[in-house]
Amino acid sequence: MTALAAGLRQDASSAIAARAAAVIPGGVNSSTRSQGAPLSIASAKGAYVTDADGNRYLDYHAAFGAILLGHLDDEVEAAVAQASTVLDLTGYGVSEPEVALAEAVVGCIASVEQMITLSTGSEAVSYALRLARTATGRRYIVKVQGGFHGYTDPVMRNCISPAERAYGWDPMSTGILPEVLEATLIADFNDIASLEALYEAYPDQIACVIMEPIPHNVGALLPADGYLQAVRDLTRQQGSLLVFDEVITGFRHALGGYQSVAGVTPDLTTFGKALGNGHPVAGVGGSREVMRHADPSQGGTVTILGTFNGHASACAAGLATIAHLTNHPDFYERTHRLGARLRDGLNEIFTSAGVAGKAVGFGGTFSPYFTDGEPTSYRTLLTNSAVASRAFNRGLIERGFLLIPMPLKRSHISGSHTDADIDATLAAAEDVVREMVAAGTAPRL
C-alpha cells in the first residue's frame, strides 16, 4: 500500500473536480460526496479503489455500504454481463429474472412473503410508508432521532441534528412542505417510553414506526436487549405497522437481515445497498396481507411505478450476490471476525493513548466515536468530538485508507478485506492517534 501521509497527489482529481463544478451544482451528484481528497475515483477492484492521480486506498467507505463482496466481484459482474446479452429494459409485463430475485429474497427474509423490486432504498421507504398509511388508514409515522431513511419528503428530518435542533424541528432540506414533515414524529432510540408517549399524544393516529434496527447513519447505535421486541409489541398493540429499514443492515449483517439476528419480525422491510454489490437494486416486502394493498387485482390502491423496476442486469446482480452468500456461509463468520478484530484493536489504541474514544459496530462495520459516553442513543452522541472524528478519518485517508471524513459515519469491511488489511489499518490508526494527541485534537480520558 502506498503511504500518502507526505501529501496526496491530486492534480488530475482537482482538474476533474473543476470541470464538474462548471456543469454539476457543487461539483457532485449527491450532497455528501463533496469531502475533499480523494476528489475523483478512477477505478476499483476488490478491497481497493484508485483515484485519478494513481493514489490507491484500502476502501472502508464501500459506497456507503453498497459494496458487500468487494468491488467488481467476478461472480456478480459475470452474471450482470450475461444478463445484458439477453435482456436490457422493456418496461412491460414481468421477466424471469424479476421473479427469480423475488423468490430468492422471499427465501432469505422470513418476514417477506411478497416484494416489489426497485432501484433505490429511498424508493423502497417511500412505498413502505404509503403501504403503511393505506393498511392502517392513519396519518402519522414515527422515526427515531438519528435515523435516516432516504431522500423522500416525509422522512427528511432529524438525522444528524445539531444539539439545539435534536428531537425538535430539524428539516434536512428546504423545499419540503412543512405539513409533510409535521406528519413525522420523532422518538428516541433505545427509549420505549418516548414511543409510548407519542402513542398517548396521538391515539389511533400512528400508521407505522420506521427504524433502522441498528441506526447506522449515525455510526452504530446497537439496540439494547429487548428494545426491538418491545417496539414490536407496542406497535402491534396499538394497531400500527413496524417497518424495519434494512437498506444498510440487510444482507450485510446476515442473509435474513438483522431481524433474523434480533429474532423480531416486522410488518414491512426495506432493503437495498448490499443486495446488488454496487448495482442499483432494492426492494420493499412484507406479508401478503400488507402487500395486497399494492395488488390491484386484490383491490389494492397503492400505485407502484418505475420503468427501471426489475431491470434485468440489476436483478442478475442481486441473484448473484445472494447465491454467493448462500454458497459461502463462512462469509459472515469471516467479516464479523475481522470487524471484531478492528474494533477491539482501535479500542486498545484509544485506551493506551489515553484518548476518549470508542469503536463500536456490528459484524463487519465499525464506527469510531470520540466521547467518553456510552453510545446508546442520539442524545449520547451529542458529546462526540467532530474535530477529532474528522482528524482521525482524514489522517487515515492520507495514509491510504478510505473512510468518509464525516463525524458519526460508519465504515465497512467487505468480503475482499483480509487479516493483513486489518493489521495495516491498526498500525496506521496508532500513528494517526499519536499525531492527534501531539496536535491536541484528541479528547483525553
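The values are calculated or read from the model by the stated rules, or taken from the named source; none is laboratory data. Just so it is clear, the model here is predicted, and its values are computed rather than measured. FYI the Cβ positions are ideal-geometry reconstructions off the backbone, even for glycines, and counts take in every protein chain you see. Heavy atoms of the whole protein, side chains included, go into the accessibility calculation; ligands, DNA and RNA do not. Shrake-Rupley method; radii C 1.70, N 1.55, O 1.52, S 1.80 Å.
Averaging Cα coordinates gives a centre for segment 21-99 and one for segment 320-341; these two points are 21 Å apart. Per-residue ellipticity at 222 nm from helix content only, as computed over the chain with -39500 (n - 2.57) for each DSSP H run of at least four residues, stands at -11500 deg cm²/dmol. Convex hull volume of the Cα atoms of segment 298-412, normalised per residue: 209 Å³.
In this structure, Ala78 and Arg337 have a Cβ-Cβ separation that, at R0 = 30 Å, corresponds to a calculated FRET efficiency of about 0.60. For segment 255-287, list residues with backbone N below 18 Å from a point placed 7 Å from the Cα of Glu113 toward its Cβ? Once the point is set 7 Å along Cα→Cβ of Glu113, 264-270, 284-287 turn out to lie under 18 Å by backbone N, inside segment 255-287.
Label-to-label distance, Thr418 versus Ile176, with points set 7 angstrom from Cα along the beta-carbon direction: 4.4 nm.
Per residue, segment 324-395 exposes 40 Å² of accessible surface when a 1.4 Å probe is rolled over the protein heavy atoms with every protein chain present. Both radii were evaluated on the Cα set of segment 175-228; the Rg over Rh quotient, with Rh as the Kirkwood radius, amounts to 1.01. Return the Rg/Rh value of segment 157-293, two decimal places, where both radii are evaluated on C-alpha atoms and Rh is the Kirkwood radius. Dividing the radius of gyration by the Kirkwood radius yields 0.96. One chain, two ends: Arg56 and His328. Fully extended at 0.36 nm per residue, the span grows by 95.1 nm beyond their Cα-Cα distance. What whole-number distance in Å separates the alpha-carbon centres of segment 110-130 and segment 203-252? Value for the Cα centre distance between the two parts: 15 Å.
Taking every alpha-carbon pair within segment 1-91, the share separated by more than 16 Å comes to 64 percent. In the chain, Cα pairs under 8 Å separated by at least six residues give a relative contact order of 21 percent. Comparing mean-square fluctuations of Val284, Val142, Val94 from a GNM of the chain with C-alpha springs under 10 Å, the top value falls on Val94. Over segment 168-236, accessible surface divided per residue gives 40 Å², non-protein components excluded, 1.4 Å probe.
Computed over the chain, the percent of Cα pairs more than 32 Å apart is 38.
Note on the chain: with neighbouring protein chains present and a 1.4 Å probe, carbon and sulfur make up 53 percent of its accessible heavy-atom surface.
If I take all pairs of Cα atoms in segment 104-202, what percentage of them are more than 25 Å from each other?
25
Each of the chymotrypsin sites (Phe, Trp or Tyr not before Pro) that DSSP puts in a loop and that has at most 14 other Cβ atoms within 10 Å breaks the chain; the longest unbroken stretch is 170-445.
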